[in-house]
Amino acid sequence: MTVQIKTIDLEPKRQTFGHVARRLGADKPASRYQEATLDVQATANFHYKPLWEAEFWHFDQAKTAVVMADWYKPL
């Protein structure tokens, strides 16, 4: 009796998550740090406004004097 063990190589469908691929490009694999930090801040779909500053939403960009088109692009 003989036992043959075969291995196969599977190609991944994508290199990284969709929100990271929009920042880096779909063909570039991301590091674990980039996957954990890019576009994870919630900016919409909050359930209620905070009680301590009812005029602002959570993480509202109008709270700061610094105005940027994209917060993830370096200066």
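Of note:
- Exactly one residue among GLU35, GLU55 is over 19 Å from TRP71 (Cα atoms) and charged (D, E, K, R), and that residue is GLU55.
- Selected residue [in contact (Cβ under 8 Å) with a residue 12 or more places away in the chain and of a type in the set (Gly, Ala, Ser)] from ALA54, ALA42: ALA42
Yes or no, residue by residue, for (1) surrounded by 10 or more Cβ atoms within 10 Å (Cβ to Cβ); (2) modelled with pLDDT under 85; (3) not in a loop (DSSP other than H, G, I, E, B):
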residue: ILE5; (1), (2), (3): no, no, no
residue: ARG14; (1), (2), (3): yes, yes, no
residue: ARG22; (1), (2), (3): yes, no, yes
residue: ASP27; (1), (2), (3): no, yes, no
residue: TRP52; (1), (2), (3): no, no, no
residue: ALA62; (1), (2), (3): no, yes, yes
residue: MET68; (1), (2), (3): yes, yes, no
residue: TYR72; (1), (2), (3): yes, yes, no
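- Residue within the range 34-43 that is of a type in the set (Ser, Thr, Tyr), assigned to a loop (DSSP other than H, G, I, E, B) and modelled with pLDDT of 80 or more present: no
The values are calculated or read from the model by the stated rules, or taken from the named source; none is laboratory data. Small disclaimer: the values here were computed from a predicted structure and weren't measured. Please note: Cβ atoms are built from the backbone with ideal geometry, for glycine as well, and neighbour counts cover all protein chains shown.
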